[in-house]
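Reviewing the structure listed below.
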Amino acid sequence: MHCPFCQNEDTRVIDSRVSEDGATIRRRRECERCGERFNTFETAEIKLPSVIKNDGRREAFDERKLRTSFDLALHKRPVPRDAVDAAMRAVIDDLRKSGEREVPSRQIGELVMRTLKKLDQVAFVRFASVYRSFEDVQAFREEIERLERDLPAIEGLQLPLLGEAAAAAPARKR
């Protein structure tokens, strides 16, 4: 490691510590020539697969695009940031574990939808509405009905969807 102060090639590690998340190692170094100290951070570099777009173009996986998708779907939803980060890591881990060099963008969208379905029903419907290009209210309704059939175990954990709120309101007044 070159010293950032004098460009000397001889530096020595004084201390090494693993970060809280366990993903990086912080190394405290000292230059043999000038005596200056500095930190370096070491992370494992694992290449994610390239993305094959719908029009056939290929591009590098962009974690910022994934973050934007999650942020838009979860806008003003009561989901903690650490849960969103964990969901993103789950999608990225699934892509890494696939072992593929190239992945269709559709497959990434399906991974995001599966993750959002577990995380927040409203966010799932928001993402699905854009991802699946719903054309009318009936398409929304069908997706919500499918969601209700698939997730009966988490009923009551989130606010009701569409018409359920109106149907449930009179029962609460009694």
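So the values come out like this:
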quantity	calculated
Residues being surrounded by fewer than 14 Cβ atoms within 10 Å (Cβ to Cβ) and either of a type outside the set (Val, Ile, Thr) or in a loop (DSSP other than H, G, I, E, B) (or both) - total across region 7-27	13
Flag for Ala171 being of a type in the set (Gly, Ala, Ser) and either closer than 24 Å to Glu45 by Cβ or at pLDDT below 75 (or both)	yes
Extreme residue, farthest from Glu102 (Cα to Cα), among residues of region 43-70 that are in contact (Cβ under 8 Å) with a residue 12 or more places away in the chain and in a helix (DSSP H, G or I)	Phe70
Among (1) modelled with pLDDT under 90; (2) at positive phi - the single one Lys76 does not satisfy	(1)
Residue ID - nearest to His75 (Cα to Cα), chosen from residues in region 115-148 that are of a type in the set (A, V, I, L, M) and over 17 Å from the mean Cα position of the chain (by Cα)	Val130
Residues within region 50-109 that are exposed (fewer than 13 other Cβ atoms within 10 Å of the Cβ), of a type in the set (Gly, Ala, Ser) and more than 26 Å from Ala23 (Cα to Cα), tallied	1
Qualifying residue in region 111-125 (condition: free of Cβ contacts under 8 Å to residues at least 24 places away in the same chain, surrounded by 17 or more Cβ atoms within 10 Å (Cβ to Cβ) and under 18 Å from Leu48 (Cβ atoms))	yes
Odd one out for Ile144 among (1) at pLDDT 90 or above; (2) more than 20 Å from Arg67 (Cβ to Cβ)	(1)
Candidates Ala90, Ala123, Ala86 - the one that is assigned by TED's automatic domain parsing to the domain that holds Arg64, at pLDDT 90 or above and touching a Lys or Arg at 6+ places or on another chain (Cβ under 6 Å)	Ala123
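The values are calculated or read from the model by the stated rules, or taken from the named source; none is laboratory data. Computed from a predicted structure; not experimentally measured. Here the Cβ is made from the backbone with ideal geometry for all residues, glycine too, and neighbour counts use every protein chain on show.
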